[in-house]
């Protein structure tokens, strides 16, 4: 029987930590506040936030390079996101801001902004005004640079109530993820080899590298017509998965 890799969302330790993190952030209801979810790339931050967003009323906005330094473009895209759903936002900054604020005051759900650290400080200042006036929590999602970006602005940093750093996925996560997506049952020693997949630039516990390794492992298992994964097979799959990384 052919083994297939079927992408699935699996509750890793980082996902469970995110649920606890959001529950804790909700305790500050009624007061404007920032929070941060950060780590190096490839640890599943965006995917996890999108999953939480899909199951809880909230706003999720992925930043776009085409905004440049335009605050109007930023606010226009924010205005269109559900549950705001401002279909034809005005093209004046003050008007868009006022329309967004009115809806956020009426329904102060969490607002996730992905990779805001790529943009001018004025963008986060706009978010500071929105959270202060509406009391909707704003959660910024990014890489290590996000911490420095926030610390540069004291008024923003002092309003940052909670932080969550995504950790490398564990060998236990690899065992569960592999079983859910491929049906393969890994031993702890095999999972440890896959979990430690890394390059000079990318540390171990990187979800993207683990997925690439699993794709290679599935192909190798099918070629050998076996579902029994040995440590040697795992090492070969890691090498293939890292090709071009």
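The values are calculated or read from the model by the stated rules, or taken from the named source; none is laboratory data. Fair warning: this is a prediction, and the values are worked out from it, not measured in the lab. Virtual Cβ from ideal backbone geometry, glycine too; neighbours counted across all protein chains shown.
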Any hit, region 103-111, residues being at pLDDT 95 or above, under 17 Å from residue 78 (Cα atoms), assigned to a helix (DSSP H, G or I) and touching a strand residue (DSSP E or B) at 6+ places or on another chain (Cβ under 8 Å)
yes
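Inspect all residues belonging to region 148-160 and state whether any of them is assigned to a loop (DSSP other than H, G, I, E, B), modelled with pLDDT of 95 or more and either in the same structural domain as residue 50 (by TED's automatic domain parsing) or exposed (fewer than 14 other Cβ atoms within 10 Å of the Cβ) (or both).
Step one: of region 148-160, the residues assigned to a loop (DSSP other than H, G, I, E, B) are 152-153, 158-159.
Then drop every residue that is not modelled with pLDDT of 95 or more, which leaves none.
No - not one qualifying residue is present in region 148-160.
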Only one of (1) in contact with a helix residue (DSSP H, G or I) (Cβ under 9 Å, 6 or more places away or on another chain); (2) in a helix (DSSP H, G or I); (3) in contact (Cβ under 8 Å) with a residue 24 or more places away in the chain; (4) surrounded by 15 or more Cβ atoms within 10 Å (Cβ to Cβ) fails for residue 192. Which number is that?
(3)
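Picking from 73, 125, which residue would you name as being over 24 Å from residue 30 (Cβ atoms) and within 23 Å of the chain's Cα centre (by Cα)?
Numbers: 125 fails: over 24 Å from residue 30 (Cβ atoms).
Just a single option satisfies the conditions, and that option is 73.
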Which numbered condition residue 137 misses (of (1) surrounded by 23 or more Cβ atoms within 10 Å (Cβ to Cβ); (2) under 17 Å from residue 46 (Cβ atoms))
(2)
Selection from region 31-59 of residues closer than 20 Å to residue 124 by Cα and in a loop (DSSP other than H, G, I, E, B) yields 31, 32, 33, 39, 58
So which residues in region 82-96 are surrounded by 12 or more Cβ atoms within 10 Å (Cβ to Cβ) and either under 26 Å from the mean Cα position of the chain (by Cα) or not in a helix (DSSP H, G or I) (or both), if there are any at all?
83, 84, 86, 89, 90
Inside region 32-65, the number of residues satisfying the requirement of being surrounded by 14 or more Cβ atoms within 10 Å (Cβ to Cβ) and without any contact (Cβ under 8 Å) to a residue 12 or more places away in the chain is 1
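In this structure, does residue 115 turn out to be within 21 Å of residue 52 (Cα to Cα), in contact (Cβ under 8 Å) with a residue 12 or more places away in the chain, assigned by TED's automatic domain parsing to the domain that holds residue 64 and surrounded by fewer than 21 Cβ atoms within 10 Å (Cβ to Cβ)? Reasoning before the result, please.
Details: within 21 Å of residue 52 (Cα to Cα): yes; in contact (Cβ under 8 Å) with a residue 12 or more places away in the chain: yes; assigned by TED's automatic domain parsing to the domain that holds residue 64: yes; surrounded by fewer than 21 Cβ atoms within 10 Å (Cβ to Cβ): yes.
Considered against the rule, which asks whether it is within 21 Å of residue 52 (Cα to Cα), in contact (Cβ under 8 Å) with a residue 12 or more places away in the chain, assigned by TED's automatic domain parsing to the domain that holds residue 64 and surrounded by fewer than 21 Cβ atoms within 10 Å (Cβ to Cβ), residue 115 comes out as yes.
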Subset of region 164-182 [loosely packed, with under 15 Cβ neighbours inside 10 Å and touching a helix residue (DSSP H, G or I) at 6+ places or on another chain (Cβ under 9 Å)]:
167, 172
Please state which of the following conditions residue 208 fails to meet, knowing it meets all the rest: (1) touching a residue at least 60 places away in the same chain (Cβ under 8 Å); (2) surrounded by fewer than 20 Cβ atoms within 10 Å (Cβ to Cβ); (3) more than 24 Å from residue 17 (Cα to Cα).
(3)
Restrict the check to region 66-81 and report whether at least one residue is within 16 Å of residue 139 (Cα to Cα) and surrounded by fewer than 19 Cβ atoms within 10 Å (Cβ to Cβ).
yes
Go through region 128-143 residue by residue and tally those that are under 15 Å from residue 109 (Cα atoms) and either assigned by TED's automatic domain parsing to the domain that holds residue 202 or under 17 Å from the mean Cα position of the chain (by Cα) (or both).
4
